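Below is one structure, written out as structure tokens; comments come after it.
The values are calculated or read from the model by the stated rules, or taken from the named source; none is laboratory data. On a predicted model such as this, the values are computed, not experimentally measured, just so you know. Neighbour counts are summed over all protein chains in view; Cβ atoms, including those assigned to glycine, are modelled from backbone coordinates with ideal geometry.
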Amino acid sequence: MGFPDTRLRRLRQSAALRSLVRETRLTPESFVYPLFVCPGEGVRKPIGSMPGVFNLSVDEAVNEAREAAALGVKALLLFGLPETKDEVATGAWADDGIVQRAIRAIKREIPGLLLMGDVCLCEYMSHGHCGIVQQTAGAGNYEILNDPSLEILARTAVSQARAGIDIVAPSDMMDGRVAAIRKALDGAGFLNTPILAYAAKFASGFYGPFREAADSAPQFGDRRSYQMDPANFREALREIALDVEEGADMIMVKPALPYLDVIAAARDRFDLPLAAYQVSGEFAMIEAAARNGWIERERVILESLTSIRRAGASIILTYYAKEAAKLLG
Ligand SMILES: [Zn+2]
């Protein structure tokens, strides 16, 4: 039955009607709020390319966590900026590492908040890569070693579990890391610590501002030998399938907005809880355009989050977690 009997505008007449038939709803419970924890006390250092986002010392991270929880956000994702960096990412797995200290402090103050730990090595490596680097023949030639990196990643996950993390989230894109981490966690008695795998993580230009926030830019080369080619959709599904096979409890697509097709396909094909990361560049684009008066900021924030939810992600990692929770409240 077509026009004039069918008139889709009938259900768009009022806010109440539109709300009644709305297909996709955002709730603060689905947001995960990323925090960048740094050494010191009382530190709240603004990140130039991410207005409203800060490097926070542990005490300030606790305050930020408390605020997020009060707004209805149930989970945080922790990144660390260590005091010193080296070639074996000591800061990532040290018992008194910056993330480990933050986990203990936040758990002590706000025990009900879920804590996710980013498991990667780039922030802790002097060279800024996500794995162990080996120089190869010829000037400027190098290789990121896969298998030796797994051991450090697994050690990092176990160390975070010891500190009290609720969920570990490996983001390195080495082959076999989920299985290695699962085995290490189980071996250390952490049978019930879930793994949220950054399963399809693309080598994206949208990570630019994050590198300032996490001080993790590679000192040479780029990450294209381990993160995925943005052009590859079928390979993304293979990456996800492998992580599921290796024991991932939840899967993630990163970035979100430029990869909504991958999110939708992952939702269709896999039955695990699906997360998507609205990354720093997605955030920065909205902020920059809004500052120029070119878009309506709050409206675009909610529209972008809704599109990620509509594509099929039930968990959204976003720097807007607090603010979107406020807008939805
Ligand atoms: Zn990394």
Filter the stretch 153-172 down to the residues that are within 16 Å of the ligand (Cβ to nearest atom) and in a helix (DSSP H, G or I), then identify the one that is farthest from His129 (Cα to Cα). Gln160
Count of the stretch 296-325 residues which are within 17 Å of Ile251 (Cβ to Cβ), of a type outside the set (Ser, Thr, Tyr) and surrounded by fewer than 24 Cβ atoms within 10 Å (Cβ to Cβ): 5
Determine whether the stretch 237-248 contains at least one residue that is in contact with a Phe, Trp or Tyr (Cβ under 8 Å, 6 or more places away or on another chain), within 13 Å of the ligand (Cβ to nearest atom) and either in contact (Cβ under 8 Å) with a residue 60 or more places away in the chain or not charged (D, E, K, R) (or both). no
Residue selected from the stretch 219-258 under the condition modelled with pLDDT under 95 and more than 29 Å from Phe31 (Cβ to Cβ), by the criterion surrounded by the most Cβ atoms within 10 Å (Cβ to Cβ): Gly221
What are the residue pairs meeting all of these: first residue in the stretch 193-216, first residue within 20 Å of Leu153 (Cβ to Cβ), second residue more than 12 Å from the ligand (Cβ to nearest atom) and among the small types (Gly, Ala, Ser), Cβ atoms under 6 Å, and 6 or more apart or on different chains? Thr193/Ala161; Ile195/Ala248; Ala197/Ala248; Ala200/Ala236; Phe210/Ser280
What number of residues within the stretch 85-95 satisfy the criterion of being away from the ligand (no atom under 16 Å from the Cβ) and within 22 Å of the chain's Cα centre (by Cα)? 1
Restricting to the stretch 6-61, name every residue that is in a loop (DSSP other than H, G, I, E, B), closer than 29 Å to Leu274 by Cβ and modelled with pLDDT of 95 or more. Val21, Arg22, Glu23, Thr24, Arg25, Leu26, Thr27
Can you tell me which residue within the stretch 96-142, out of those that are within 16 Å of the ligand (Cβ to nearest atom) and among the acidic types (Asp, Glu), is nearest to Met250 (Cα to Cα)? Asp118
